[in-house]
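Values in this text are rule-based calculations from the coordinates and carry no lab data. Computed from a predicted structure; not experimentally measured. So basically every Cβ, Gly included, is an ideal-geometry build from the backbone, and we count neighbours across all protein chains shown.
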Amino acid sequence: MDPRLRRFYSRCVLEVERGTLPDLVNDRYGYLMIDLASITYGLRDPRTLLMNVRLALDYDYLRPSVIFVIDYSRPEHRTVAESRIRWLKELGLEYLLAEDEPAEVKAARECLNRSKCIVLSRDYDPLTVMDEMIQPIKITEKAWINRKITINKECLNNYLNKKKN
């Protein structure tokens, strides 16, 4: 997303709810699409996060079907993506490759094709495709604090119209 557009989005985002991931998704959504690169960015050990997701699913702590979306659109992404794919396969976690567009946009488009689906990403890009998403406030290998957000379209249109003038 263009940095200027990101600024507009950040000014027009509305927080709907805040909590742990299971609090925000269990019994509400059938699918959770996770933008893997966005969520694991900055973690010392991204594999630990994936193992914790596997355990949360196995123990019914996290109930929606979880699908990780991996950025595979550029050659420089593919090296990292290959190791992530290997980890996901070893842990028996589902994934999709975003080969023609950014992972967060692919996740949002995929969500539109599924009932009761939401995207987890640090980026605002899913809000360009769908009306709501979950965004982490703080992520560590052991805990995620998140917020469910939506975009105030009237606010966004006002900023975009100012930009044009």
With 26 Å as the cut-off, how large is the P(r) tail for the stretch 3-155, expressed as percent of Cα-Cα pairs? 20 percent
Just going by the charge dipole of the stretch 3-155, with Lys and Arg at +1 and Asp and Glu at -1 on Cβ, which of 137, 98, 26 is farthest out on the positive end? 137
Which residues make up the longest stretch of the chain clear of trypsin sites (Lys or Arg not before Pro) that lie in a DSSP loop with no more than 15 other Cβ atoms within 10 Å, not counting the sites? 45-113
Given DSSP loops and a limit of at most 16 other Cβ atoms within 10 Å, what is the longest stretch of the chain that contains no such GluC sites (Glu not before Pro)? 1-98
Below 12 angstrom from the Cβ of residue 26, what's the summed charge of the other residues (Lys, Arg +1; Asp, Glu -1)? 0
Counting sequence-distant residues (5 or more places) and residues on other chains, those with an amide H built under 5 Å from that of residue 62 are 57
Loop-resident sites, the stretch 32-78, for chymotrypsin sites (Phe, Trp or Tyr not before Pro), counting at most 14 other Cβ within 10 Å (DSSP): 41, 59, 61
